[in-house]
Structure formats: C-alpha cells, structure tokens
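The structure under discussion appears below in the form of structure tokens.
The values are calculated or read from the model by the stated rules, or taken from the named source; none is laboratory data. What you see is a predicted model; the values in this text were computed from it and never measured. Cβ placement follows ideal geometry from the backbone for every residue including glycine, while neighbour counts extend to all protein chains displayed.
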2 protein chains.
Amino acid sequence: MVTLPETLPETLPIPIKVMASIRDVARHVGCSTSTVSRVINARDGVDPETRRKVLETVELLGYRPNLIAQGLRVRRGKLIGLVLPEGSAHVFSVIIQCTLEAAYQRGYNIIIVNSHEDPDLEERYIQDLLRRNINGIIFSRVSDESRVVSRIVDEKIPMVVIDRALEHEHVSNVVLDNYKAGYLAGRHLTALGHRRVACVTGPMKIALCRERLKGFRDALAEAATTLTVDCIFEGGFQFQSGLEAVQTLLERRTGCTAIWAMNDMMALGVMKGLYRNRLKVPDDMSVMGMDDHEFGSMTAPSLTSIHYPFNELAERAVEIVARQIESPGTGAETVVLEPGLTIRHSTARVKEPVT
Amino acid sequence: MVTLPETLPETLPIPIKVMASIRDVARHVGCSTSTVSRVINARDGVDPETRRKVLETVELLGYRPNLIAQGLRVRRGKLIGLVLPEGSAHVFSVIIQCTLEAAYQRGYNIIIVNSHEDPDLEERYIQDLLRRNINGIIFSRVSDESRVVSRIVDEKIPMVVIDRALEHEHVSNVVLDNYKAGYLAGRHLTALGHRRVACVTGPMKIALCRERLKGFRDALAEAATTLTVDCIFEGGFQFQSGLEAVQTLLERRTGCTAIWAMNDMMALGVMKGLYRNRLKVPDDMSVMGMDDHEFGSMTAPSLTSIHYPFNELAERAVEIVARQIESPGTGAETVVLEPGLTIRHSTARVKEPVT
DNA sequence: TTGAAAGCGCTAACAC
DNA sequence: GTGTTAGCGCTTTCAA
C-alpha cells in the first residue's frame, strides 16, 4: 500500500520562475552556487567539464545575475549617475542621449537626476544616487562651491565633470577647447570679409564664456579688427537673450554685419529678432551659433555653428568613469575636446566691404 | 591589577562611515535594527520615547536607508524603468524631462533605456531592467507583437504604455485623444477660411495617424469641404518628410492654401521647403504642426501647433505606476488626454476666399 | 576542484 | 514593545 509522503519531495521540478536565480542554475547542474558564481565571473579553478555544464544551464534557463544583489554584495551594480543642472536646455537632451548610448555599450545603466541648479536639490539627489550604491558619477556644471563634491570623493566614487572644468585632485574633466571655439567663430566671420562684428555671450562670470570671447577677439585681431564694447551683449544662454541682443544692437547702430551667439538657442533668438525687424539672414546680417544642435539644420535659413562634439564628450566621460570603476587605481585625468566648424546658410560674404 | 581585555570592547565609537547604515543607528540608540526599521517605516508598536530617540539619531547621523538593500529584500527600490523607442526624436527628450520630474516628486528614480525600435535590443534592455528589480515600467510605443510585454506581466510588474495604446488586460494606457487633435487642426484651418487644405501624415499603419486623419477630415467636412487624395502626403514623422511633402504637393499643383503636419518636425520641414520655393509663411501658405514643441516658438515665423500635454502624460503615467506599485490590487486603467490648440504666426486667414 | 558559511543592508515572522 | 532570526541573490573567504 502506498502512503502519501508527509512533505513534498525535496527536489521539485525546476520551479517555473520568471527570472532564474543563481540557485536555480546550481540546482539544475547539481553543484553549489559558489561554483556557478565562479563560472559566471570567469574565475579559474573550475573543472572545464563543470564550467561547460554551468554555461549550458545558464543559457538554458536564461539566467542573468541580479544586479541588485551584486550591487549589494560587491559594489558592482554597473550603475552610473548623471547629474545635470537643468532639464529644459536642449543641449542636455543631447548629452542624455549620448551618455545613455555610451553607457549601454559598456553594460552600464544610467540614473539621471536634475539639480535645477539648486544646491539643496543637488545634495538630496546625490544622496539618492549614493543610496543606490552608484559606481560612478558624471557631473555637468558643478559649481566650485558645491558641497557634494567632497562627499563623492570621500566615498571614493569615480567622478568626471563635463562641459565646465572643476579643479580637484580626484576629479576628472572632459571639456571643450573653448578658446578655440571662439577663435574658429571669429575666423569664419572675418574670412567672409566681416569687419564690424557683434557677439552675444553667455554670463561672463562663467569661465568658459570668457575663454570663448578671448578666442573670438584674437581671431578678429588677426584680421586687423577689434570687437568693440558696444558690439558685445551679455546674454544668459536663453532664446530670449538673442531676441534682446538684436534689439539692443540695432538701437546702438553699431553697423555690424555679423553676429556670433555663444549657443544655438541665442542664435535662433537673434534670427527671430532680425526677422521681426525685417532684416534678412544672411543678406543683411550673418548669424552664427554654437553647439551645432540638430535644430540648426531645420531652420530657414539653416544655422552656421561651432560644432560641439557631444557624443565624443559623453563617450569619453563614460569611458573614464568605467575605467576608474573597473581599475580603481587609475588617477584623474583631463580631456580637452576639439570644436569644429559647421557651415550652413546663415552666414555669407559681407556685401559692402568696410571702407 | 588591570588585565587587557581579550577582545576589543563591544561598543566601539561610532565608526567614521560616510554612509550610516541601519546598524549604526541601532548601535547609537542602543536598540536593535528591527526597532529602527519599524520607526523609519512608520510601523506602530514602538514606544514613543524610543521612536523619538531613533528619529533623533537618524537625523544626527544623516541616515537614509540603502535602496539597494531595500530593493533586494522587499522589491521596494523606488525605481521605474522608462523604455523609449528612439533617442533622437525630440518629443522623447520632452517625455524624458517630464517623467524625471514627475517621478522625483514621488520619490522614484528613473532608469531609461532606448530600444531603437529593435525587438532584440528591447528584450535585452527589459531584461536589464528586470535584473535591477524594477518596480514599474513606463513604455512608449510597444509594438503589439512585442515579446517583452508578457514577460513583464508575468513578473507582475505594473506597466503603463504611453502615447500609443496597447490592448492588454493588465496594462494601463495614457494616450492622447488623437481624433480630437486632428479635428482641432482641421477646424482651426477652416475657421481661417481655408478650403483647399493638405495634410502630411505619419505612417498610416499606425492607428493614431489614422485617427488624427479622421478627425481632420471630419472638421473639413463640417466646413463643407473635403481632403482630397492628392492633398495627402504620407510621411515618417521626420523633418525630411516635410521637405518632401512640400515638393510633392507643389508639383501636384493642388492649389492648397494650408498644410497640417502631424508633428512639429515635419512642419518645420514644410516651412523649410516653402522657404526654398520662395513661398512666404503664412502669406502664401499657412503651416500648422502638432506636439507644440518648444522650438515652435523660436522659428521665424513661430509655429501654430496642436498642443500635446506631455507633462500631463508623464504625470499621469508615473501616478498610475506609483499607485499600482504601492497598492498592488489596483487594476489597469486608461487615461485619454485632451489636446489643445496653440495659435502662433504660421497660420493666417486665407487671402482670396475660394469662390 | 568544490562546497559550506558568512555577510552586504535591510525587513518581517516569530519569540519573549 | 522589543529583540532574535532568517533570508532576499549574490560573492568570497576558508576548509575539505
């Protein structure tokens, strides 16, 4: 007579789990979890035959290690934090896209937070990232006084600052050669014969704006002309600044034949301002931007711009963080990117050469 | 005579940890970790005095629970996955921004993956999200045949599909009233006196394009006119489509006085195409877009558009996922958003009323 | 070459 | 009211 077993048999059929765990693999192979762990982490000291069976089972069960558990055990969660100062500006969209791409190439995920340029929010969000055992941080536009930098450095978390440089022994930088960007802009305009030229800058308290301006000035100087004070308008990187710049410059009757704005948003503002004043681009005025945002090719006319290699920026930033995560000894480094010149239809040869 | 203790004293000074753990708090208070856990999770059955001390210490040590550990223990990692079909399209930038914002409001972080409309990548990235014990998923543009949907449903992970609807018992939707969007566009143009009107659609295999077109048609019908076949151009939502549409429509000599494109990118293409043909907007042709992307206000002339409430889209999507995460019983639901009409300067009253 | 056991930081069932 | 214990899924000594 057959009696019912008191308890269910020990070895149930492989449970229909949606996500297989390391134990499922071990059970299936008939070895311990440590052995499985050794195999999937490519440790040596595993019998080739066992290794084969494990790999086979991993494949069969579609097993992938749980990153949360890995992250908890050995800070190896393959997670990078991306901290941006604001969400609306369109360059950040580009940076986000490029960083996501670059990170996935290397098997990392990205968590994005948006500090809104608010030190308190910044601190809170960094806190959140640390709570997730983040492995590295890519930071855009940290202010020099930022309280969080030391936090991150203390936690020994690799950090790279992009776009704006930050001087710190343990922090890497990926920045643009801003002097050269300004220089290229200036030279393009003087090469087209422009001699009276205007510039819509970003906030001059920001170092990179001063560098860009210096490069721009030097290029003009090479063409034996100067950027006069009345031809400089300090903007705030917003569309609105471009609009205001045009109004101001026209009222000043500077006689300029070309305007360079330090980003594409302001350049669009300049184009719009000129349109409102019934001035034609580039016939009456050449307009040039910076960043080489995709939208520049969609306007009428399309926008000549200084190319900012955002994908390279992201690529290098991720590369550095990943390297520092994977081989902790590596020191901080600084990468300087080369700007380019994208000529479209908003700039043209000056009509009447200045006498 | 004093003997040296065999081992170090049990109560060491609080270790100088950068991130305090629950044990640090417990040690400092002199209670067990469970008590601390109870307090921080607002469970009752804790002496008010103890609770006070714990909270005080939490404050003092700046303790915040580690989300990785929480996520491992009780699938409560406050993490939502956002799956997008492509990175370049500009509406997705907007969706990203809005979703990040909405999620942070509720204490969630977002991990974004980009499927590039590739089912294999999609599957791999979803896999990655699951490996992170994601609590919920916001999905844009899943195809109906997507293999991953059942995976996610099987894992009982709350899922909401945005922008394009997906019929599934356990999947929520947040979509636009696309019929109404088309209707509003049509009515705006007929109200301006336009009778010969063209439409640049998206791929007609996509249901929402057909709905938009239907609404557009119905609005024209109300004004006793029809959308003739030669005035329809099927685009692919890209800038380029708008460019091609203009070329085609002009060659066909349809005599149209207004064009509606089913997104702003194509509308910009239309404007550019008209510019190249020396046609003035809106004098020679009214142009209208859809999405109401910020760039529409920066072009010259600025672009009239159908407003797509992306922030509401994100807000509702996050709200639904969060609710389903926090109270698992909740069933799937569908939200239909109202489109709006943003009138700018690319549309104007028709010059010569049709006889 | 392999397995048992401890532990990452946390929560929940069960004692006391 | 509070502490002890076990365990989430994984890696890593240590011992066999």
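Tabulated data
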quantity: Failed item in (1) without any contact (Cβ under 8 Å) to a residue 60 or more places away in the chain; (2) closer than 22 Å to A:R252 by Cβ; (3) of a type outside the set (A, V, I, L, M); (4) surrounded by 15 or more Cβ atoms within 10 Å (Cβ to Cβ), with A:E211 passing the rest; calculated: (2)
quantity: Checking A:M265 against (1) within 9 Å of chain B (Cβ to nearest Cβ); (2) of a type in the set (A, V, I, L, M, F, W, C); (3) under 17 Å from the mean Cα position of the chain (by Cα), the condition it does not meet; calculated: (3)
quantity: Condition met for B:M271 (away from chain A (no Cβ under 14 Å) and either under 24 Å from B:E251 (Cβ atoms) or crowded, with 23+ Cβ neighbours inside 10 Å (or both)); calculated: no
quantity: So A:I68, is it modelled with pLDDT under 95, more than 39 Å from the chain's Cα centre (by Cα) and under 21 Å from B:L72 (Cα atoms); calculated: no
quantity: Failed criterion for B:T299 (all others in (1) under 21 Å from the mean Cα position of the chain (by Cα); (2) within 11 Å of chain A (Cβ to nearest Cβ) hold); calculated: (1)
quantity: Close pairs (7 angstrom Cβ cut-off, 6 or more residues apart or separate chains): among the basic types (K, R) in the stretch B:150-161, crowded, with 16+ Cβ neighbours inside 10 Å and in a helix (DSSP H, G or I) anywhere; calculated: B:R151/B:I126
quantity: Matching option when the condition is of a type in the set (V, I, T), more than 14 Å from chain B (Cβ to nearest Cβ), on the phi < 0 side of the Ramachandran plot and surrounded by fewer than 21 Cβ atoms within 10 Å (Cβ to Cβ), among A:T304, A:T257, A:T334; calculated: A:T334
quantity: Test result for B:V25, assigned to a helix (DSSP H, G or I), over 20 Å from A:Y125 (Cα atoms), within 10 Å of DNA strand C (Cβ to nearest atom) and in contact with a Phe, Trp or Tyr (Cβ under 6 Å, 6 or more places away or on another chain); calculated: yes
quantity: Residue within the stretch B:119-132 that is more than 16 Å from the chain's Cα centre (by Cα) and either within 16 Å of DNA strand C (Cβ to nearest atom) or touching a residue at least 60 places away in the same chain (Cβ under 8 Å) (or both) present; calculated: yes
quantity: Verdict on A:N311 being under 19 Å from the mean Cα position of the chain (by Cα), polar (S, T, N, Q) and within 14 Å of another protein chain (Cβ to nearest Cβ); calculated: yes
quantity: Strands (runs of 3 or more DSSP E) enclosed by the stretch B:72-163 - at least 2 residues per element that are facing another protein chain (nearest Cβ under 10 Å); calculated: B:79-84, B:109-114
quantity: Scope the stretch B:39-79; condition surrounded by 15 or more Cβ atoms within 10 Å (Cβ to Cβ), within 16 Å of B:R23 (Cα to Cα) and either of a type in the set (K, R) or away from DNA strand C (no atom under 12 Å from the Cβ) (or both); matching residues; calculated: B:T50, B:R51, B:K53, B:L55, B:T57, B:R64
quantity: Filtered residues of the stretch A:214-237 (kept if assigned to a loop (DSSP other than H, G, I, E, B) and without any contact (Cβ under 8 Å) to a residue 24 or more places away in the chain); calculated: A:A224, A:T226
quantity: Tally of residues being more than 12 Å from DNA strand D (Cβ to nearest atom) and among the polar types (S, T, N, Q) across the stretch A:30-57; calculated: 2
quantity: Within the stretch B:59-71, tally of residues that are in a helix (DSSP H, G or I) and more than 15 Å from DNA strand D (Cβ to nearest atom); calculated: 3
